[in-house]
Amino acid sequence: MYVMTPRCQLPPLIRAPQQPCRAAAATTTTTGTAALGAPSRADPDELRSTWPQRAWTLAGSAAVISSLSTSASLAADAGSFAEPLAAALAAYALADLATGVYHWFVDNYGDASTPFFGKQIDAFQGHHRYPATITRREPCNNLHALARAIAVALPAVDAAASAAGAPAAAHAFAGVFAACVVLSQQFHSWAHENPRRLPPGVEALQAAGVLVSRAQHAAHHRAPYNNNYCIVSGMWNGLLDRHRVFEVLEMVVFFRTGVRPRSWDEPDAAWTEDTTVAVAVAVAATAIAGNE
């Protein structure tokens with residue numbers, strides 16, 4: 001058994017002052033933001049969807065539709081949709097938890113050079129620096145990475161379930177879980193979007209707790225950056241934060257490996273919001289909304 005040392009007794013790791021670099025970063029946006037994984041304002045092409053991104057998003061969507069179609073067919077043959085619907089609700093709930101665990105991991109551990117996860121880690125850190133950028137990404141640009149994983153993994157899962165004679169509920173769970181994981185990035189984007197620019201009904205779903213709300217997710221982007229990680233509905237955030245689940249996991253990782261999570265350190269300019277860019281984006285969004 002390990003003795004759990006309170007976080008407050010662990011001295012923060014003070015990073016080198018970043019202020020002298022801020023002026024340079026402001027004049028070299030393309031280089032600075034590229035290093036952080038966030039597209040610069042000078043390169044809008046990085047926000048547009050490419051044909052490969054569209055193809056992967058379509059492939060992931062097709063995999064989800066196939067899984068749900070298989071579930072519907074099996075449920076119709078069995079004459080009952082109750083179990084698939086219950087499985088779908090369970091998948092929706094667990095997908096929120098899964099996005100929270102993954103978000104916590106990429107926010108706190110590794111960097112751009114980390115095998116397999118490096119690009120995601122770099123992108124999430126860039127998102128903390130420029131959170132409004134996600135609202136300017138085209139849908140397939142935002143969703144393709146998760147859709148690609150689903151396009152590869154879900155057909156294999158469905159094939160294995162069919163070979164084992166799994167019921168409709170199993171396919172419903174797999175399909176809804178996959179759909180929620182892919183769409184979590186869109187829900188995340190809407191949690192940063194100006195309410196006037198949201199699609200019809202989204203603000204009501206956020207208010208009802210069906211989708212993660214702007215207010216709830218905004219707390220994640222404020223110091224100490226160690227809460228509200230879940231980005232489907234956010235239903236798990238209160239429980240996880242109240243019982244300090246991620247803090248306990250961080251202590252376990254620290255005592256076993258000596259690796260500190262980023263949330264224990266003093267925030268630096270590499271992963272806190274650049275408010276000058278945020279203000280510029282807000283002004284631009286207001287101007288666009290006024291012209292619509």
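Diffusion of region 45-113 by Stokes-Einstein, at 10 °C in a medium of 1.306 mPa s and with Rh set to the Kirkwood radius over alpha-carbon pairs, works out to 103 µm²/s. Equivalent-ellipsoid semi-axes for region 103-144 (Cα gyration tensor, √(5λ), whole Å, largest first): 19, 12, 8. Other residues lying with their Cβ under 15 Å from the Cβ of A170 contribute a combined charge of -3, Lys and Arg counting +1, Asp and Glu -1. Applying both filters, DSSP loop and at most 10 other Cβ atoms within 10 Å, to the chymotrypsin sites (Phe, Trp or Tyr not before Pro) of region 69-137 gives F116. Would you work out if region 200-243 is rounded, prolate or oblate? Take a ≥ b ≥ c from the square roots of the eigenvalues of the alpha-carbon gyration tensor; rounded if a/c is under 1.5, else prolate when a/b is larger than b/c, oblate otherwise. Note, shape of region 200-243 comes out oblate.
Of the residues A59, Y130, A145, the one whose Cα sits farthest towards the positive end of the charge dipole of region 44-170 is Y130 (charges of +1 on Lys and Arg Cβ, -1 on Asp and Glu Cβ, taken about the Cα centre). 3J(HN,Hα) couplings calculated from phi for region 155-170 with the Karplus curve 6.51 cos²θ - 1.76 cosθ + 1.60 (θ = phi - 60°) are, in sequence order, x, 5, 5, 5, 5, 5, 5, 5, 4, 8, x, 5, x, 4, 4, 5 Hz; Gly and Pro show x. For region 119-196, the Cα gyration tensor yields ellipsoid semi-axes of 31, 14, 9 Å (square root of five times each eigenvalue, largest first, whole Å). Of the trypsin sites (Lys or Arg not before Pro) found in region 219-264, the ones in coil according to DSSP and having at most 13 other Cβ atoms within 10 Å of their Cβ are R222.
FYI, it's all coordinate maths here, none of it is from the lab. It should be emphasised that the depicted structure is a prediction, and the values quoted were computed from it without experimental measurement. Note: ideal-geometry Cβ built from the backbone for every residue, glycine included; neighbour counts use all protein chains shown.
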